[in-house]
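Trainee: Before we start, here is the structure in question, set down as structure tokens.
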Amino acid sequence: METVLSIKNLTKRYGRLTAVNNLSLEVQKGNVFGILGPNGSGKTTTLGILLDVIRRTSGEFYWFGQEPTKEMRKRIGAILETPIFYPYLSATKNLEIVAQIKGVSKDNIDPALKKVELFDRKDDNFKTYSLGMKQRLSIASALICDPEVMILDEPTNGLDPQGIAEIRELIKSIAKDGKTIILASHLLDEVQKVCSHFCVLKKGTLLYSGLVDDIDKGIINVEVGAASGNLEEVLKAYPNAAKITEENGKFVVELKEGGAAELNKYLFENSIEASHLLTLKKSLEKQFLELLAESDNAA
Ligand SMILES: Nc1ncnc2c1ncn2[C@@H]1O[C@H](COP(=O)(O)OP(=O)(O)OP(=O)(O)O)[C@@H](O)[C@H]1O
Ligand SMILES: [Mg+2]
């Protein structure tokens, strides 16, 4: 495994507000890495710091194992907000201007336009494009530099369902070409559909980091107490138990599957009457959906 990005104890403060709080993360080559979090959780701030457009307060980050330099920045393509294109120029003309500014060959333009499926419309003026097409052209403008990493901030914001589906397919296809992708989103569904790995931010603090495949597995902890019987031994023999810890005379059982009801049934079958049974954690998916819904309500 090759580490593309490593973030260590990164913090960004705006006066009294901590936008990014002691964040540590690693992204490996080929990952489609989602940064998931509600509005104001620090996603854009984090991406801005990684791209050297926002100054960090403290902490470190390393691209390709090295301190960031201007030269290295060329290996990273980014779409933080829709770049400004000339409305009365075609896609090709607009990309020629970008190629000139970035010092890359114009030969890269056609393949990029094909990749984002705008080749058929390359001679049409930018102003005639739909929102989804404009977003795809932004992605093409990053692709002409053939970056190893693509950074996308809320790439489907404001698009209609078809536009959203097209962008998601495009991201997956760019990932298939071997590029590492870092994507910020406030949609769990988007992260589940597009990403291989993800982290969750809340108020700038990392809540979780792991594999997208683990989202629906979920982790449920059940706290159990019983006045009589050999609870510990019976719990240890429970096939669905992943981990058992003892706290204040009660046991906390991390479940591989099932919930408190199945556990209670098992205990009963093993002659233990639980005097206390409490589900401590919901599935990851539920947890994240609740977190993301909180911000929707606040907005
Ligand atoms: N220039 C700034 N000055 C002061 N506070 C800022 C500034 N930029 C961002 N913030 C604050 O930092 C926090 C994180 O903002 P950020 O834009 O990174 O969140 P986000 O996760 O990208 O949110 P969204 O989903 O709305 O895009 C917010 O509380 C925001 O108000
Ligand atoms: Mg943002």
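Trainee: Tell me, L280, L143 in order of fewest to most beta-carbon neighbours within 10 Å?
Mentor: Details: L280 13, L143 23.
Fewest-to-most Cβ neighbours within 10 Å comes out as L280, L143.
Trainee: Among V98, A19, G48, flag the residue with its Cα farthest along the positive direction of the charge dipole of the chain, charges on Cβ as +1 for Lys/Arg and -1 for Asp/Glu.
Mentor: V98
Trainee: Can you pull the Kirkwood radius for segment 220-282, inverse mean 1/r over Cα pairs, to one decimal in Å?
Mentor: Working: mean 1/r = 0.0893 Å⁻¹.
Taking every pair of different Cα atoms in segment 220-282, averaging 1/r and inverting gives 11.2 Å.
Trainee: Compute, for segment 61-208, the length of the dipole vector about the Cα centre, with Cβ point charges of +1 (Lys, Arg) and -1 (Asp, Glu) only. Units Debye, rounded to 20.
Mentor: Numbers: 21 positive and 20 negative charges, 46 e Å.
The dipole of segment 61-208 has a size of about 220 debye.
Trainee: Structure shown: which of K8/K179; K70/K179; K12/K106 lie over 28 Å apart, alpha-carbon to alpha-carbon?
Mentor: Numbers: K8/K179 23 Å; K70/K179 20 Å; K12/K106 38 Å.
Long pairs (Cα-Cα over 28 Å): K12/K106.
Trainee: Quick one: divide the alpha-carbon radius of gyration of segment 186-299 by 2.2 N^0.38 Å and tell me what you get.
Mentor: Values: Rg = 16.9 Å, N = 114, 2.2 N^0.38 = 13.3 Å.
Normalised Cα radius of gyration, segment 186-299: 1.27.
Trainee: Separation of segment 19-56 and segment 225-247 by C-alpha centroid, Å?
Mentor: About 40 Å separates the Cα centre of segment 19-56 from the one of segment 225-247.
Trainee: So, one more: Loop sites only, by DSSP: take the GluC sites (Glu not before Pro) in the chain that have at most 14 other C-beta atoms within 10 Å and name the longest stretch containing none of them.
Mentor: Working: sites that count: E2, E81, E257, E273.
The segment 82-256 is the longest one with no such site.
Trainee: Compute, for the chain, the length of the dipole vector about the Cα centre, with Cβ point charges of +1 (Lys, Arg) and -1 (Asp, Glu) only. Units Debye, rounded to 20.
Mentor: Values: 38 positive and 41 negative charges, 244 e Å.
In debye, rounded to 20, the chain gives about 1180.
Trainee: Could you tell me what a quarter of the Cα convex hull surface of segment 1-123 works out to, in nm² with one decimal place?
Mentor: Values: hull surface 38.8 nm².
Hull-based average projected area comes out at 9.7 nm².
Trainee: Of all trypsin sites (Lys or Arg not before Pro) in segment 1-77, which ones are in loop regions per DSSP and have a Cβ with at most 13 other Cβ atoms within 10 Å? Working shown, then result.
Mentor: Numbers: sites: K8, K12, R13, R16, K29, K43, R55, R56, K70, R73, K74, R75; in loops: R16, K29, R55, R56, K74, R75.
Answer by residue number: R16, R55.
Trainee: Quote the charge dipole size of segment 1-116 about the Cα centre in Debye, to the nearest 20; the model charges only the Cβ of Lys and Arg (+1) and of Asp and Glu (-1).
Mentor: Values: 17 positive and 10 negative charges, 53 e Å.
So the dipole magnitude of segment 1-116 works out to roughly 260 debye.
Trainee: For the chain, list the DSSP H helices whose alpha carbon atoms reach 20 Å or more along the long axis and whose average Kyte-Doolittle value is -1.0 or above? Write out the running numbers ahead of the final one.
Mentor: Numbers: long enough: 161-176 (23 Å, -0.01); 284-298 (21 Å, -0.27).
Span-like helices in the chain: 161-176, 284-298.
Trainee: For segment 101-133 and segment 258-280, what is the centre-to-centre distance using only Cα atoms, to the nearest Å?
Mentor: Computed from Cα coordinates, the inter-centre distance equals 60 Å.
Trainee: Please give the length that would be gained between K176 and E81 if that part of the chain were fully extended, namely 0.36 nm times their separation in residues minus their C-alpha to C-alpha distance (nm, one decimal). Numbers along the way, then the final one.
Mentor: Details: separation 95, 0.36 × 95 = 34.20 nm, distance 2.38 nm.
Roughly 31.8 nm would be gained on extension.
Trainee: Okay, next question. Using the 10 angstrom Cβ neighbour count as an exposure proxy, how do Y266, Y86 rank, fewest first? Before the final figure, lay out the partial values.
Mentor: Working: Y266 18, Y86 12.
In increasing order of surrounding Cβ atoms, one gets Y86, Y266.
Trainee: Taking the Cα atoms of segment 3-214, report the difference between the largest and smallest coordinate on each principal axis, in whole Å and largest first.
Mentor: For segment 3-214, the Cα extents along the three principal axes come out at 47, 36, 33 Å.
Trainee: Right, next: As a footprinting exposure proxy, order F61, F288, F268 by other Cβ within 10 Å, with the fewest listed first. Don't skip to the end; give the middle numbers.
Mentor: Working: F61 20, F288 23, F268 11.
With the fewest neighbours first, F61, F288, F268 line up as F268, F61, F288.
Trainee: Using helices alone, what [θ] at 222 nm do you get for the chain, with -39,500 (n - 2.57) per DSSP H run of 4 or more residues, divided over all residues and rounded to the nearest 500?
Mentor: Details: 10 runs with 98 residues, N = 299.
Value at 222 nm, helices only: -9500 deg cm²/dmol.
Trainee: Follow-up. Which one of A227, L277, A242 is farthest out on the positive end of the charge dipole of segment 220-282, using unit charges on Cβ (Lys, Arg +1; Asp, Glu -1) and the Cα centre as origin?
Mentor: Projecting each Cα onto the dipole axis, the largest value belongs to A242.
Coordinate-derived values only; no laboratory data. Given the structure is predicted, the values throughout are model-derived calculations rather than measurements. Backbone-built Cβ (ideal geometry, glycine too); neighbour counts: all protein chains shown.
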